[in-house]
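In what follows, a single structure is set out as structure tokens and then discussed.
Values quoted throughout were computed directly from the atomic coordinates according to the rules given, and no laboratory measurement underlies them. Just so it is clear, the model here is predicted, and its values are computed rather than measured. Here the Cβ positions follow ideal geometry from the backbone for every residue, glycine too, while neighbour counts run over all protein chains shown.
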Amino acid sequence: RKEVEQDPGPFNVPEGATVAFNCTYSNSASQSFFWYRQDCRKEPKLLMSVYSSGNEDGRFTAQLNRASQYISLLIRDSKLSDSATYLCVVNANAGNNRKLIWGLGTSLAVNP
Amino acid sequence: DAGITQSPRYKITETGRQVTLMCHQTWSHSYMFWYRQDLGHGLRLIYYSAAADITDKGEVPDGYVVSRSKTENFPLTLESATRSQTSVYFCASGNSGNTIYFGEGSWLTVV
């Protein structure tokens, strides 16, 4: 089993739709979690951190389920500009960046 | 304010040549990283550095050399380039709080 797994997609959704991605992780000692966004031929950019209580940033909501070892990203009212690859990142060693484990990403295409 | 810059952005080189990819950050972040990203493999850590003069191997260090004499610079050298090192290389930096920020990437083709 991979340390961090994501459904590669692609997820094709119409504008205005709500879409959700999950990411599972294997190390129960994982301490911190993030979602990054990567556009085609661009660098990954931090979208949001994921907190135990869940957190929201505008149309984006991230949640953590420690019992089932997954994190989720919900995007409401999808925009064309949301089309990108979403990378799940898990850090099994809090404070040590070296232990960042990256998923392969989930591709999202928002269509007019 | 670019924050973290990489050069060159695009490079074509021949097998066996030495290539150095430069990375410079203006945030005074203590940690710096080099990743490569390939289809089907995602981001793989090559080397990282926790501070000036402190470097350590990541997941795929073979064929690469790094140095960090100054906090702001973290060059990556391919001592003798091979076709398998054709990739996009991302430099990143961050402090101990886990969040890291990437440069725009260096596209390297080895022919």
Out of B:51, B:66, B:3 - ranked by how far each Cα lies towards the positive end of the dipole of the protein assembly as shown, with unit charges on the beta-carbon of charged residues - the top one is B:66
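Divide the volume of the convex hull of the Cα atoms of region A:12-112 by its number of residues and quote the answer in cubic angstrom per residue.
Taking only Cα atoms, region A:12-112 has a hull volume of 97 Å³ per residue.
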In the protein assembly as shown the cysteines whose Cβ sits 4.7 Å or more from every other Cys Cβ are A:40
Per residue convex hull volume, Cα only, chain B, in Å³ is 91 Å³
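How many times 2.2 N^0.38 Å is the alpha carbon radius of gyration of the protein assembly as shown?
The protein assembly as shown yields a ratio of 1.03.
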Alpha-carbon centroid distance for the pair region B:1-76 / region A:13-73, whole angstrom
26 Å
Plugging the Cβ-Cβ distance of residue A:69 and residue A:39 into 1/(1 + (r/R0)^6) at R0 = 22 Å yields, to the nearest 0.05, a FRET efficiency of 0.20
For residue A:2, which lysines qualify as cross-link partners when the Cα separation must be under 27 Å and same-chain residues fewer than eight apart are set aside?
A:42, A:45, A:99, B:57
Sites residue B:17 and residue B:50, calculated FRET efficiency, Cβ-Cβ separation with R0 30 Å, nearest 0.05:
0.50
Mind listing which chymotrypsin sites (Phe, Trp or Tyr not before Pro) in region A:1-57 are in a DSSP loop and have 14 or fewer other Cβ atoms within 10 Å?
A:51
